[in-house]
Ligand code: MTE
């Protein structure tokens with residue numbers, strides 16, 4: 001994005017992604033220790049984790065274009081805590097995915113911290129195929145596993161006066177990009193309470209039927225498919241309910257280019273490039289971009305009384 005020396009799509013895709021096993025090497029090691037001698041059957045190392053069990057696909061959320069190849073979706077990433085290059089996936093393997101907990105904070109009767117696996121036990125996970133549209137004009141179509149953000153809101157029971165939900169990403173010693181002086185880490189994103197309660201807003205714990213790998217935001221990230229990808233924060237450790245609109249990461253860097261709303265609209269150009277079309281990851285094919293990234297029927301109603309807001313940047 002942004003103040004980069006070169007555009008994302010000018011960086012060649014790296015050859016690579018070997019195996020999911022490599023992507024989750026640390027979990028595999030931990031799981032291997034846990035396999036008891038009393039259990040002769042070989043158990044997939046991560047099987048005890050709720051985010052690695054197979055889940056049904058929700059037919060309501062399918063799209064009319066082919067899935068992006070897993071290799072492309074998992075080796076071409078934006079994750080500024082690691083790097084502002086796209087080929088950070090190997091470095092991201094260093095980020096431990098367990099133990100992991102999420103702090104629920106702000107305007108709640110009971111602020112608390114919950115272990116991720118305990119949290120996941122409270123929800124029925126499902127798979128959804130979503131479009132994902134980066135503000136840089138590349139796109140992918142992937143099967144995410146997770147649960148609706150609205151269910152987490154319900155669990156948190158925010159006060160009626162809370163208006164926004166703010167997501168904060170981990171800052172970890174394994175992340176070399178954190179030392180860059182010009183980025184206002186921690187990565188923070190936010191949505192309105194109405195957006196959070198829209199059924200499309202999805203907390204992601206899996207990708208292609210496996211735990212979502214670190215480079216794609218494991219162990220838990222957001223997917224807001226009608227918004228530019230930067231709204232979908234990765235590796236979430238804190239969720240705050242507040243009545244103040246947050247100053248989010250990209251908005252703090254360049255408010256004239258990356259606003260709070262960031263809804264996809266092909267007719268509203270980025271100040272430095274058109275948003276009319278998008279390149280599908282893994283190919284040079286460009287396809288037309290759609291209003292709200294094709295999800296207008298689900299979310300158009302959210303924005304009807306917001307005159308004066310810059311909804312599409
Ligand atoms: N979350 C964090 N913590 N750090 C980031 O740099 N990049 C965002 C978003 N979430 C980012 C982030 C951007 S710009 C995009 S397009 C998507 O993650 C990319 O998700 P992907 O790498 O899984 O395709």
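Annotations for the structure displayed:
- Label point 7 Å beyond Cα of residue 286 along Cβ direction - residues of the stretch 108-149 with amide nitrogen under 14 Å: 136-139
- Taking the centroid of alpha carbons for each part, the stretch 168-228 and the stretch 253-289 are 19 Å apart.
- Rounded, prolate or oblate (a/c below 1.5 giving rounded, otherwise prolate when a/b exceeds b/c) for the stretch 42-299 by Cα gyration tensor: rounded
- Simple spin-label estimate for residue 245 and residue 159 gives 2.1 nm between the two label positions (7 Å along the Cα-to-Cβ direction from each Cα).
- Exposure proxy order (Cβ contacts within 10 Å, fewest to most) of 182, 295: 182, 295
- What the Cβ-Cβ distance of residue 96 and residue 151 gives, at R0 = 25 Å and to the nearest 0.05, is a FRET efficiency of 0.45.
- Length-normalised contact order for the stretch 42-299 - Cα pairs under 8 Å, 6+ apart - percent: 23
- Extension gain, residue 310-residue 121: 0.36 nm per intervening residue step, less the Cα-Cα distance, totals 64.2 nm.
- Each of 212, 268, 153 was scored by other Cβ atoms within 10 Å of its Cβ. Listed from fewest to most, they are 268, 153, 212.
- The overall shape of the stretch 149-308, judged from the alpha-carbon gyration tensor, is rounded, with an a/c ratio under 1.5.
- Which of 63, 204, 299 has the fewest Cβ neighbours within 10 Å, and the rest in rising order: 63, 299, 204
Bear in mind these aren't lab numbers, they're just calculated from the coordinates by the rules spelled out. Model, not experiment: these values are computed from the prediction. Note that each Cβ is placed from the backbone with ideal geometry, even for glycine, and that neighbours are counted across all protein chains shown.
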